Amino acid sequence: MKAAIGTLDGIIDTVSAVHSLLPLVSLLKSHGKLVMVGAPEKPLELPVFPLILGRRIVAGSNIGGLKETQEMIDFAAKHNVKPEIEVIPIDYVNTAMKRLIKLDVKYRFVIDIGNTLKPKF
């Protein structure tokens, strides 16, 4: 994450659990946007100075909360609706972006964070 500080134009935050926004805000370039679509049940702490000093923007989009998300998952399970995805490791992201530009993508990319960001000893 340190290498990515100040490099992103935008982030779509889909996390619906309480989490820190500061690491995400720090990844944004000047005029970068953090769009919140996850809906945690408890308020999140929003660091104001990194927003002001970095000319960064936080916005939101109402796609539903935990209840609506659970209803959608239950509906999908009941009707055997499954996503068409391509799971990729974190070190494949740059290649995935090149593929997006070439329109060489059939499915949504899902980054397997759990198996690719293991601590190295």
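The values are calculated or read from the model by the stated rules, or taken from the named source; none is laboratory data. In this text the structure is predicted, and so the values were computed from the model without any measurement. Don't worry about glycine lacking a Cβ; one is built from the backbone with ideal geometry, like all the others, and counts go over all protein chains shown. Ligands, DNA and RNA are excluded from the accessible area calculation, which covers all protein heavy atoms including side chains. Shrake-Rupley method; radii C 1.70, N 1.55, O 1.52, S 1.80 Å.
In table form, for the structure just shown:
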{"quantity": "Candidate aspartates and glutamates - alpha carbon under 14 Å from Lys29, same-chain residues fewer than 8 apart omitted", "calculated": "Asp9"}
{"quantity": "Heavy-atom accessible surface of the chain: percent carbon and sulfur, 1.4 Å", "calculated": "61 percent"}
{"quantity": "Separation between Cα centres of the range 95-117 and the range 1-25, rounded to whole Å", "calculated": "18 Å"}
{"quantity": "For Phe109, distant residues with modelled amide H under 5 Å away", "calculated": "Glu86"}
{"quantity": "Of all DSSP beta bridges in the range 1-92, antiparallel share, percent nearest 5", "calculated": "0 percent"}
{"quantity": "GluC sites (Glu not before Pro) within the range 18-86, DSSP loop, no more than 15 other Cβ atoms inside 10 Å", "calculated": "Glu41, Glu45, Glu84"}
{"quantity": "Additional length obtainable on full extension of the chain from Phe109 to Ser30, 0.36 nm per residue less Cα span", "calculated": "25.8 nm"}
{"quantity": "Relative packing of peptides 3-9, 29-35 - highest average C-beta neighbours within 10 Å first", "calculated": "29-35, 3-9"}
{"quantity": "Relative contact order of the chain, defined on C-alpha pairs under 8 angstrom at six or more residues apart (%)", "calculated": "19 percent"}
{"quantity": "With eigenvalues of the C-alpha gyration tensor scaled by 5 and rooted, the chain, Å", "calculated": "26, 22, 15"}
{"quantity": "Using a Förster distance of 41 Å, the FRET efficiency for Leu46-Glu71 (Cβ separation, nearest 0.05)", "calculated": "0.90"}
{"quantity": "Solvent-accessible heavy-atom area per residue, rounded to whole Å², over the chain at 1.4 Å", "calculated": "79 Å²"}
